[in-house]
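Here, each number is a calculation from the coordinates, and none is a lab measurement. Treat the numbers as computed from the prediction; the structure is a model and nothing was measured. So basically every Cβ, Gly included, is an ideal-geometry build from the backbone, and we count neighbours across all protein chains shown.
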Amino acid sequence: MLTCLQLVKSFGGVKAVQSCSFEVKSNLITALIGPNGAGKSTVFNLISGIVKADAGKIIFQASKQVSSKQVGGEGINITNKSPEAISNLGMSRLFQKSRLFNNLTVKDNLLLAIDNEDTKFLKNLLGKNKITKEKEGSIKQILKLVEMESFENHIARDLSFGQKRLVELARAILNPHTFLMLDEPVAGVNPKLREVIANILLELKAKQETILLIEHDMHFTFSVADWVVVMQEGKVLVEGKPDEIKNNPKVLEAYLGE
Amino acid sequence: MFTQLLVNGLIAGAIYALVASGFSLIYATCKFVHFAHGPVIALAGYFLYLFFSLLGLNFWIAIILAIILAAFFGLAINVLVYKKFRQRKASPVILLIASFALLILFESLILIFFGADVKTIGFIKIAKGSEFAGAIITPLQIVIIIASAVLFALLFLLMKKTKLGKAMRAVADNKQVSEICGISTEKIYNWVFIIGSTIAGVAGILVGLEQNLEPTMGTSLMIKGFTGAVIGGIGSVPGAILGSFLLGLVENFGIWFLPSGYKDAIAFIILFIFLLFRPQGILGKKNQSN
């Protein structure tokens, strides 16, 4: 579904990502783990187009039709494409830090993720881009999934940290996609919510979704992931099934410095 | 006297608010000060003068053409100038300097093409104002108040009820996340310039009809609109409207005590007071300036 080939990114003198290559297979949950500063979030930013790569290639394979958004068939080189172009190819992401539209309601935050009809002025002017019952239905459904039904009309800035996280997760899921990227979805979230989020991820996987996940909580990661890629100092250290990674001496050394 | 000053204040406020709302919409979304909004206002007035007074077109057709051209003019400034700067990762300060350069350029072009003398559109003959609760108000002044109220209501509906408006607010809130949600920020910027410049066009036409046309009219109105927007809370469209009405009222009530030549001084004194004691304005949030 997604292939990163020899990705390189430096910020000034700091080499955040160096010759990083790995593959994300379809219909699986792949976890990207590693100590702080390993370059995981930079890889996410490179994939989603927020930062531009110095070298390397990212090939994305959109496998099915995504709502009204344009979708390519075969592997598309998405290296250094704009974030909105990448999003419209069917990629959705959750940020490490809460990034909701704070002045909008929960419902409007979700509505903006549903399609990209927002900029068609005449449609807006003639009332043809109405917020349809179908769209409202999918918003209600997703809010039920994240157990936030009663917060539909709340302004995003008034929500608690955990609630914001859930709305962001809902937005990432609602954004038409074939590939979902989640940057630390359970960081700072209480144990009950962690369980809710873990169940949501497993449900999505059961629906044949492809997920790439960054997470520091190893218990959570190993309970949901099918494949684990370990990064250290901007490179892929090792990759494999969770059970193999758990006991890999290189991984233990990277984390514990032994 | 009181009602007359109140009416005068409301009329001045309505004009300032038209200028400030478009300017504030652009500032909130694109995050830079678009001073070239001034010449867009002036050009709308001059376009009306060109089509109606010089070319003899039907008055209403001339008005529609002038507003459409003002909208396209604003869009052209964004696409041909600001977009190029954004592609080169220019900071908001560079864009501000570019907007100043455009303001001077277009003001000079108006001067070259239309001359420095004051122009009169001459559609409305000097009308005898009707008396309303002790104040004299002309039909055109009633039109100014009604037209601005209708435009503000439409702008409110656009921002709150349509998906385009919600997308504009989303881009104003967080450009990066908007892009991740698949919203094309460049398209949103284009629409913001079209809408802001359309409102500016209406303001230019109303001022052109009520007063006269002169090349610097856009700059003077822009300064008042900018002051209104700062008083109301820069980046907040309702704040800009509120601040502009406040400015119009204070300016007009001020001349109850001071000679009318001090009108502009009053505006700047209020601006300084706000910048010193409430820099975030009436409706602005403290962290917005960060």
Completion exercise
For the stretch B:2-289, averaging the sequence separation of alpha carbon pairs under 8 Å that lie six or more residues apart and dividing by its residue count, the contact order in percent is 37
Handout entry: Span-rule helices in chain A, defined as complete DSSP H runs reaching 30 Å or more along the axis (Cα) with Kyte mean at least 0.5
Key = none
Exercise for the section: Express in % the proportion of alpha carbon pairs of the stretch B:2-289 at distances exceeding 24 Å. Expected result: 50
Problem - Where trypsin sites (Lys or Arg not before Pro) in DSSP loops with at most 13 other Cβ within 10 Å are excluded, longest remaining stretch of chain B - result: B:129-290
Exercise for the section: Work out how far the C-alpha atoms of chain A reach from end to end along every principal axis, then list the three figures in whole Å, largest first. Expected result: 62, 39, 35
Handout entry: Most fluctuating residue given options A:Pro83, A:Pro191, A:Pro35, as computed from a GNM of chain A linking Cα atoms under 10 Å
Key = A:Pro191
Handout entry: Prolate/oblate/rounded label for the stretch B:57-202 (Cα gyration tensor, a/c 1.5)
Key = oblate
Completion exercise
Expressed as a whole-number percentage, the relative contact order of the stretch B:173-290 with C-alpha contacts under 8 angstrom and at least six residues apart is 21
Practice task
For the stretch B:203-261, compute Rh as the Kirkwood radius over C-alpha pairs and then the Stokes-Einstein diffusion coefficient at 10 °C and 1.306 mPa s; write the answer in µm²/s, rounded to an integer.
Solution key: 128
Exercise for the section: Report, in cubic angstrom per residue, the convex hull volume of the C-alpha atoms of the stretch B:219-290. Expected result: 78
